[in-house]
Amino acid sequence: FLNVIYATLSRRSHFRAYGGVRFGGTITLDDAWALGFDHVAIAVGAGKPTVINLENNLMRGMRKASDFLMALQLTGAYKRSSPANLQVRLPALVIGGGLTAIDTATELLAYYVVQVEKTLERHEKLVESFGPDRVRGMFDGEERQILDEALAHGRAIREERALAEKQDRAPNFQPILDGWGGVTLVYRKKITDSPAYRLNHEEVEKCLEEGVRFIEGASPVEAIADEHGALKAMTFKKGDEVIELPARTVCVAAGTSPNTIYEKEYPGTFQLDKRGFFAPHIARRDGDRLALEPDPKGFFTSYQKDGHTVSYYGDNHPRYAGSVVKAMASAKYGFLQVAALFGQPEPVDADTQAARDRAWREKCARLDGELKATVAAVNRLTPTIVEVVVHAPLAARRFRPGQFYRLQNFETEAEVIDGTRLTMEGLALTGAWTDPERGLLSLIVLEMGHSSRLVAALRRGEPVVVMGPTGTPTEIPHGETVLLAGGGLGNAVLFSIGKALRAAGCKVLYFAGYRRREDVFKVDDIEAASDQIIWSVDSGAAVEPRRPQDRAFVGNVVQAMLAYSTGALGGEVVPLKSVARLIAIGSDRMMRAVREARHGVLASHFDPSHVAVASINSPMQCMMKEVCAQCLQKHVDPHTGKETIVFSCFNQDQPMDSVDFTNLASRLRANTVQEKLTNLWLERLLAKRPELRRI
């Protein structure tokens, strides 16, 4: 039904929709007024998911329901044509009692069938193409266990489909799924007390019909790990006893907060009520005078500037939060207040209408030029690193050093090979450089999985999604001595940061680390970002410095720092003792090694008061700040041991000594079985299309 609504709107001559435009990132309220808009309506859906008090609540296998549902729908993982990676296992538990919990439970059951069938089908074809040794050789011991489980389950589903066809009946997967542990919804109260039952009891009834089981009166206590550090069970307090339930996947649907992230980014823009919603107002116009009055029945925020107002709907509104039905009701009633503010349009003659139509077309042409992103160039920098230059004027102008974007291709533009559409999952990419005058933005990609490899297939002029900038700009101090430590692709992130530091009067010592000399890229940019560079490669021939003050080293970044600090490289321009701030960007292993070295072999060479920051590469999906919660990162205070959780896509630059790198490494393995299969699947597809071998 939503498709029908969208199609109906799209047929209107004065309707325009733009995707990949982040409110507060690409476009602000002031931008909207400057672009000629008369009103802004905030209909952005739910915001920050509730993080419940649960021991080990970021263990691998634990997800927020919003993370699962978004990955399922927005990546198209449920489609057999999709290469998206979304890995879940049974038994599965859903914690919560709202409609989101009901949705998650039923979708888990349905998706699991699709997942194991896709895994089996692709595995069989890959073995046929590459042989069993090549395929199984990609996986470690834990991954082989997960793969074998999925293959066995895929065969059972296939057998049931074949038997059902032979018996001329619909397949019955419910007993099979139950045998694997199925999906259980666990709620702390009675189901009849749950929001789902009170708002729409029919959905609860249908959920039971789908085979979801319910456990009432149980509150989560702890997630329990297996020998690999992944989830194997959950404990719950039920009455006076503690029960343990087997679980390989847990989705937490414990509610959300309103999406008021714009107010966090631009404090003082909106008034919020005690519960964190936008405070509701009624707007009245008396001639040229506009007045806002607090009123719980109102649909306007407190914002008022030069006659402009902002309305809001759905989960952001205290009277209409909680369900899609309420959200639609908010639009039904809210639009009347907005329409009343502008009044009824007066009839106009043909010439006036023609002039308005011309003005509309001119406005759309301007918006197209500012908001639509297209590929300007694709440049291969090294055998494994590709630069894509995008024309996205407003997104490029809004960039600040350290921020990043979400890059994706459009499904309708993607190639289809052997029934698979070559769509990317969202890639979090930091702007390497921007040219605001020409509206250009450079994004640099390390080819690892199928999505990053598909960047090389983008064509000049192809429309893409470049959502952002998002994240928080890196803090740029004035007049400090700063050490930048880059590992591989992390060096691309440091170009703009180093240049901004030098522009702010800082001295910059840059350790640029790579695996091999041939992996080095954008030397001019690195030199422009630094006062002195120490080029390090893990193995092979050393980099040949071009400037007299720069040095080369064979070994990892930490070893290079040690050699530099002891004078083994000679010619220190920026002594480590003078460093007030250290910024490290690279793999989780590299950043962890830098942290440990600062408190170990390098401890005596650094000023103990220096600030150390790590740019965290946690899993990311929506990148819209505190929405899907895939980017959650655990911190442990090094002095008190207190644990906290942060959203990395809100601020990727985090205190190095607080980051739980063990947890980060584990969470980065959440989809590895599917990721490795998909990467090899892409290899098989490309063999069928030699003209795409540039990928």
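The values are calculated or read from the model by the stated rules, or taken from the named source; none is laboratory data. Everything numeric here is computed off the predicted structure, so don't read it as measured data. All Cβ positions, even for glycine, are placed from backbone atoms using ideal geometry, and neighbour counts span all protein chains on display. Side chains are part of the model used for accessible areas, which takes the heavy atoms of the whole protein and leaves out ligands, DNA and RNA. Shrake-Rupley method; radii C 1.70, N 1.55, O 1.52, S 1.80 Å.
Taking the condition surrounded by 16 or more Cβ atoms within 10 Å (Cβ to Cβ), out of contact with any Gly (no Cβ under 6 Å at 6 or more places or on another chain) and part of a helix (DSSP H, G or I), does Ala584 pass? So Ala584 does not fit the description; no. On inspection, Gly61 passes the criterion of being touching a residue at least 12 places away in the same chain (Cβ under 8 Å), of a type outside the set (Asp, Glu), in contact with a strand residue (DSSP E or B) (Cβ under 8 Å, 6 or more places away or on another chain) and within 19 Å of Ile146 (Cβ to Cβ). Looking across segment 268-289, the residues that are touching a Ser or Thr at 6+ places or on another chain (Cβ under 7 Å) and aliphatic (A, V, I, L, M) come down to Leu272, Ala279, Ala283.
Filtering segment 6-42 to residues that are under 21 Å from Ser302 (Cβ atoms) and among the hydroxyl-bearing types (Ser, Thr, Tyr) leaves only Thr28. Cβ-Cβ distances below 6 Å connect the following pairs, each with a first residue in segment 294-321 that is modelled with pLDDT under 95, a second residue that is open to solvent by 10 Å² or more (accessible area, probe 1.4 Å) and polar (S, T, N, Q), and a separation of six or more residues or different chains: Asn316/Asn259. Name, by its number, the condition in (1) in contact (Cβ under 8 Å) with a residue 24 or more places away in the chain; (2) within 28 Å of the chain's Cα centre (by Cα); (3) open to solvent by less than 40 Å² (accessible area, probe 1.4 Å) that does not hold for Ala233. Going through (1) in contact (Cβ under 8 Å) with a residue 24 or more places away in the chain; (2) within 28 Å of the chain's Cα centre (by Cα); (3) open to solvent by less than 40 Å² (accessible area, probe 1.4 Å) one by one, Ala233 breaks only (1). Scanning segment 190-204 for residues that are in contact (Cβ under 8 Å) with a residue 60 or more places away in the chain, open to solvent by 80 Å² or more (accessible area, probe 1.4 Å) and assigned to a loop (DSSP other than H, G, I, E, B) turns up nothing.
Among the residues of segment 266-278, are any hydrophobic (A, V, I, L, M, F, W, C), assigned to a strand (DSSP E or B), open to solvent by 20 Å² or more (accessible area, probe 1.4 Å) and under 26 Å from Glu626 (Cβ atoms)? Checking segment 266-278: at least one residue is hydrophobic (A, V, I, L, M, F, W, C), assigned to a strand (DSSP E or B), open to solvent by 20 Å² or more (accessible area, probe 1.4 Å) and under 26 Å from Glu626 (Cβ atoms). Taking into account only those residues within segment 91-122 that are in contact with a Leu (Cβ under 7 Å, 6 or more places away or on another chain), farther than 12 Å from Tyr78 by Cβ and charged (D, E, K, R), which is most open to solvent (accessible area, probe 1.4 Å)? Here the residue is Asp103. If you go through segment 138-157 and keep only what is open to solvent by less than 40 Å² (accessible area, probe 1.4 Å) and free of Cβ contacts under 8 Å to residues at least 24 places away in the same chain, you end up with Gly141, Ala156. Is it fair to say Ala223 is in contact (Cβ under 8 Å) with a residue 40 or more places away in the chain, in contact with a strand residue (DSSP E or B) (Cβ under 6 Å, 6 or more places away or on another chain), small (Gly, Ala, Ser) and over 30 Å from Thr28 (Cβ atoms)? Yes. Scanning segment 358-377 for residues that are open to solvent by less than 50 Å² (accessible area, probe 1.4 Å) and either of a type outside the set (Gly, Ala, Ser) or under 30 Å from Arg517 (Cα atoms) (or both) yields Cys364, Leu367, Asp368, Glu370, Leu371, Thr374, Val375, Ala376, Ala377. Residues considered: Ser129, Ser81. Of these, the only one that is touching a Lys or Arg at 6+ places or on another chain (Cβ under 7 Å), among the hydroxyl-bearing types (Ser, Thr, Tyr) and part of a helix (DSSP H, G or I) is Ser129.
Residues checked against (1) in contact with a Ser or Thr (Cβ under 6 Å, 6 or more places away or on another chain); (2) within 24 Å of Leu446 (Cβ to Cβ); (3) in contact (Cβ under 8 Å) with a residue 24 or more places away in the chain; (4) among the hydrophobic types (A, V, I, L, M, F, W, C):
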| position | (1), (2), (3), (4) |
| --- | --- |
| Leu576 | yes, no, yes, yes |
| Met590 | no, yes, yes, yes |
| Val594 | no, yes, yes, yes |
| Val611 | no, no, yes, yes |
| Cys622 | no, yes, yes, yes |
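Just one of the numbered conditions (1) in contact (Cβ under 8 Å) with a residue 60 or more places away in the chain; (2) within 30 Å of Leu185 (Cα to Cα) is not true of Ile27: (2). The set of residues in segment 570-581 that are under 19 Å from Ala512 (Cβ atoms), open to solvent by 40 Å² or more (accessible area, probe 1.4 Å) and either in contact with a helix residue (DSSP H, G or I) (Cβ under 8 Å, 6 or more places away or on another chain) or not hydrophobic (A, V, I, L, M, F, W, C) (or both) comprises Gly571, Glu572, Pro575.
Considering only residues of segment 511-560 that are outside any loop (DSSP other than H, G, I, E, B) and of a type in the set (S, T, N, Q), which is surrounded by the fewest Cβ atoms within 10 Å (Cβ to Cβ)?
Across segment 511-560, the extreme among qualifying residues is Gln559.
For (1) under 30 Å from Val250 (Cβ atoms); (2) open to solvent by 40 Å² or more (accessible area, probe 1.4 Å); (3) not hydrophobic (A, V, I, L, M, F, W, C), each residue gets a yes or a no:
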{"position": "Ser10", "(1), (2), (3)": "no, yes, yes"}
{"position": "Gly25", "(1), (2), (3)": "no, no, yes"}
{"position": "Thr50", "(1), (2), (3)": "yes, yes, yes"}
{"position": "Met62", "(1), (2), (3)": "yes, no, no"}
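Can you name every residue in segment 651-686 that is more than 21 Å from Asp588 (Cα to Cα) and open to solvent by less than 20 Å² (accessible area, probe 1.4 Å)? Passing the criteria: Leu677, Thr678, Leu680, Trp681, Leu682, Leu685, Leu686. Only one entry in Leu72, Leu58, Leu9 is within 23 Å of the chain's Cα centre (by Cα), not basic (Lys, Arg) and not in a loop (DSSP other than H, G, I, E, B), namely Leu72. Of everything in segment 172-189 that is open to solvent by less than 70 Å² (accessible area, probe 1.4 Å) and in a loop (DSSP other than H, G, I, E, B), the residue that is nearest to Ser323 (Cα to Cα) is Tyr187.
Restricting attention to segment 390-430, which residues are β-branched (Val, Ile, Thr), in contact (Cβ under 8 Å) with a residue 12 or more places away in the chain and open to solvent by 10 Å² or more (accessible area, probe 1.4 Å)?
If the condition is that a residue be β-branched (Val, Ile, Thr), in contact (Cβ under 8 Å) with a residue 12 or more places away in the chain and open to solvent by 10 Å² or more (accessible area, probe 1.4 Å), then Val416, Thr423, Thr430 are the ones that fit.
Take the residues in segment 247-265 that are over 17 Å from Tyr312 (Cα atoms) and part of a loop (DSSP other than H, G, I, E, B); name whichever of them is least open to solvent (accessible area, probe 1.4 Å). Here the residue is Ala247.
Rundown of residues vs (1) part of a strand (DSSP E or B); (2) farther than 25 Å from Tyr262 by Cα; (3) open to solvent by less than 40 Å² (accessible area, probe 1.4 Å), yes/no style:
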site	(1), (2), (3)
Leu290	yes, no, yes
Gly298	no, no, yes
Arg319	no, no, no
Met328	no, no, no
Ala331	no, no, no
Gln353	no, yes, no
Arg356	no, yes, no
Asn379	yes, yes, no
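Only one of the listed residues (Gln344, Gln304) is open to solvent by 30 Å² or more (accessible area, probe 1.4 Å) and part of a loop (DSSP other than H, G, I, E, B). That residue is Gln344.
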